[in-house]
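Peer 1: Below is the structure I would like to discuss, written out as structure tokens.
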Amino acid sequence: MGKKKRKTNTAFLSFANPDRELAKALSQLFYLAQECAYFAPEDLGKAGTPKWRDEIISQIKDSYSIIPIYTRHSIRRPWVLYESGVADAFGPQRFPAIVSGVSTQDIDYLPSGSGLYFDLSEGESLVNLVTNACVQRGGSRSEVEARIRKTCIRHAKVVNLIIGLAKKRWVFVAGNTVNDPGRSDSGVDWYTTTADYENRLREFSESLTELLLENGFSIAACPQVRSLGMHVTERAMSCLDTKHYEGPVEFRIAGIHPIDREAREIKLSSETAKKKWLDHIMAFRGTYLENQEWLVLIGGNDGTQEEFQAATKCGVKTFAVPCFGGTAMRVFNKHKSLRIEPCARCTTRDGQCGDVGIKGIVGYLKKACLTEFAT
């Protein structure tokens, strides 16, 4: 028998295009360890075309391992499943990598090979991932691991970039003053005046914003929503300007409040045309929601309800705060799975949670993905 041909790639990196920066950094770490990780070049071709498929199959066959990078983007991309299926056919060992915004519950339907996941937001887990992939080429595990650790120490900037990108978690804070909060059926039993209602909404949203940032969450909101999104935006920008955070946190403008408001008032030739227009607006919501890990609902009306529907369709998790009435209260009451602590056991529901209550909410959002990943 002839000598077995050695493969070119230590690892094949399987990722969604929005995660290109993370995959490129991981590819660079392999390169610095004098290993080759296949990182699909820009000129690979459009996904799904014959050229793309032929190249993918060829490179997977020429790899000792495959590393699917599971993020909020990739778990909804069919080609990640396609590439894992190709790998199953040709035998490369699979070492799934995961980021902080994804839990094993999010990906339990995806193939994992060994049942183990490597958390890219943890340094030790990253070392183990690269070591396991490199060992597939042969050699002593202890020697390979020592080499990888030395590389990670020497090139800490690249390692920190990978960890930072993997740690980033997004929350979209949505809602508004509810229509007619003083009505008996509004769900706001504590209502006295609009000024008091909006003051409590402001204090709640500002405290929530601060604690989200302190706990490593990046925040998105719509500043055009004056009673909520504007306060979230102002507090987020102020905190990012005056405070130092260990993790990579940021703020992003999202939402379509002005467009949404005008879309409901637009005069079109028929109800069918208006429905198509509203369907278009609904589809557009997915463009700013699909990258989020969490949707936090506070109060809100028709637009907030549609954001909940779009987020659900995108696989974004929802935390509904019921005490300000409106959409958030209705979602909380209708969906048993969303009656989450600490709101589920709250008896006052007056929007005056204080630091303890809001810390409980943020703690739940943070804990939801802190699954123990075996490495």
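Peer 1: What are the residues in the range 164-177 that are surrounded by 22 or more Cβ atoms within 10 Å (Cβ to Cβ) and in a helix (DSSP H, G or I), if any?
Peer 2: The answer is Ala166, and nothing else.
Yes or no, residue by residue, for (1) assigned by TED's automatic domain parsing to the domain that holds Val188; (2) at pLDDT 95 or above; (3) in contact with a Leu (Cβ under 7 Å, 6 or more places away or on another chain):
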{"residue": "Val321", "(1), (2), (3)": "yes, yes, yes"}
{"residue": "Val331", "(1), (2), (3)": "yes, yes, yes"}
{"residue": "Gln352", "(1), (2), (3)": "yes, no, no"}
{"residue": "Glu372", "(1), (2), (3)": "no, no, no"}
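Peer 1: Turning to a different aspect of this structure: Can you pull out every residue in the range 13-35 that is of a type outside the set (A, V, I, L, M, F, W, C) and over 12 Å from Ala97 (Cβ atoms)? Spell out how you get there, then give the answer.
Peer 2: From the range 13-35, those of a type outside the set (A, V, I, L, M, F, W, C) are 14, 17-21, 24, 27-28, 31, 34-35; that's our starting set.
Scanning the range 13-35 gives Asn17, Pro18, Arg20, Glu21, Lys24, Ser27, Gln28, Tyr31, Gln34, Glu35.
Peer 1: Related question: List the pairs whose first member sits in the range 217-231 and is in the same structural domain as Ile361 (by TED's automatic domain parsing), whose second member is in a loop (DSSP other than H, G, I, E, B) and among the basic types (Lys, Arg), and whose Cβ atoms are under 6 Å apart, counting only residues at least 6 apart or on separate chains?
Peer 2: Sorted first by the residue in the range 217-231, then by its partner, the pairs are Ser218/Lys168.
Peer 1: May I pose another question? Only one residue in Glu306, Glu290, Glu271 is among the charged types (D, E, K, R) and more than 22 Å from the chain's Cα centre (by Cα), so which one is that?
Peer 2: On the way: Glu306 fails: more than 22 Å from the chain's Cα centre (by Cα); Glu290 fails: more than 22 Å from the chain's Cα centre (by Cα).
One residue alone meets the criteria, Glu271.
Peer 1: Assess whether Lys359 counts as being closer than 20 Å to Glu206 by Cα, touching a residue at least 12 places away in the same chain (Cβ under 8 Å) and surrounded by fewer than 19 Cβ atoms within 10 Å (Cβ to Cβ). I'd like the intermediate steps shown before the answer.
Peer 2: On the way: closer than 20 Å to Glu206 by Cα: yes; touching a residue at least 12 places away in the same chain (Cβ under 8 Å): yes; surrounded by fewer than 19 Cβ atoms within 10 Å (Cβ to Cβ): yes.
Spelling it out, Lys359 is indeed closer than 20 Å to Glu206 by Cα, touching a residue at least 12 places away in the same chain (Cβ under 8 Å) and surrounded by fewer than 19 Cβ atoms within 10 Å (Cβ to Cβ).
Peer 1: For Tyr109, indicate whether it is modelled with pLDDT under 95, under 21 Å from Leu165 (Cα atoms) and of a type in the set (Ser, Thr, Tyr).
Peer 2: On the way: modelled with pLDDT under 95: yes; under 21 Å from Leu165 (Cα atoms): no; of a type in the set (Ser, Thr, Tyr): yes.
No.
Peer 1: State which residue pairs qualify: first residue over 12 Å from Val80 (Cβ atoms) and part of a loop (DSSP other than H, G, I, E, B) and inside the range 1-24, second residue at pLDDT 90 or above and among the polar types (S, T, N, Q) in any location, beta carbons under 8 Å apart, and separation of 6 or more residues or different chains.
Peer 2: Note: pairs meeting the criteria are Lys7/Ser63; Thr8/Ser63; Thr10/Ser63; Thr10/Ser65; Thr10/Gln136.
Peer 1: Now for a separate question. Please specify each residue of the range 61-102 satisfying the condition of being surrounded by 18 or more Cβ atoms within 10 Å (Cβ to Cβ), assigned to a loop (DSSP other than H, G, I, E, B) and of a type outside the set (Lys, Arg).
Peer 2: Residues satisfying the conditions are Tyr64, Thr71, His73, Pro92, Phe95, Pro96, Val99, Ser100, Gly101, Val102.
Peer 1: Out of the strands (runs of 3 or more DSSP E) lying entirely within the range 218-332, which hold 1 or more residues that are surrounded by fewer than 19 Cβ atoms within 10 Å (Cβ to Cβ) and of a type in the set (A, V, I, L, M)?
Peer 2: 251-253
Peer 1: Testing Ser186 on (1) assigned to a loop (DSSP other than H, G, I, E, B); (2) under 30 Å from Val127 (Cα atoms), one condition comes back false. Which one is that?
Peer 2: Among (1) assigned to a loop (DSSP other than H, G, I, E, B); (2) under 30 Å from Val127 (Cα atoms), the lone unmet condition for Ser186 is (2).
Peer 1: Let me ask another. Please enumerate the residues belonging to the range 177-213 that are among the polar types (S, T, N, Q) and either touching a Lys or Arg at 6+ places or on another chain (Cβ under 6 Å) or not assigned by TED's automatic domain parsing to the domain that holds Ser227 (or both). Walk me through how you get there before you give the answer.
Peer 2: Step one: of the range 177-213, the residues among the polar types (S, T, N, Q) are 177, 179, 184, 186, 192-194, 199, 205, 207, 209.
Thr209, the sole residue that qualifies.
Peer 1: Would you mind telling me which numbered condition in (1) small (Gly, Ala, Ser); (2) farther than 21 Å from Ala320 by Cβ; (3) not assigned by TED's automatic domain parsing to the domain that holds Arg20 Ala174 fails?
Peer 2: Unmet for Ala174, out of (1) small (Gly, Ala, Ser); (2) farther than 21 Å from Ala320 by Cβ; (3) not assigned by TED's automatic domain parsing to the domain that holds Arg20: (2).
Peer 1: Checking the condition in contact with a strand residue (DSSP E or B) (Cβ under 9 Å, 6 or more places away or on another chain), surrounded by fewer than 21 Cβ atoms within 10 Å (Cβ to Cβ) and in a helix (DSSP H, G or I), which residue from Asn128, Asn132 passes?
Peer 2: Details: Asn132 fails: surrounded by fewer than 21 Cβ atoms within 10 Å (Cβ to Cβ).
That would be Asn128, the only listed residue that is in contact with a strand residue (DSSP E or B) (Cβ under 9 Å, 6 or more places away or on another chain), surrounded by fewer than 21 Cβ atoms within 10 Å (Cβ to Cβ) and in a helix (DSSP H, G or I).
The values are calculated or read from the model by the stated rules, or taken from the named source; none is laboratory data. It should be emphasised that the depicted structure is a prediction, and the values quoted were computed from it without experimental measurement. In this analysis, Cβ positions are derived from the backbone assuming ideal geometry, glycine residues included, and neighbour counts consider all displayed protein chains.
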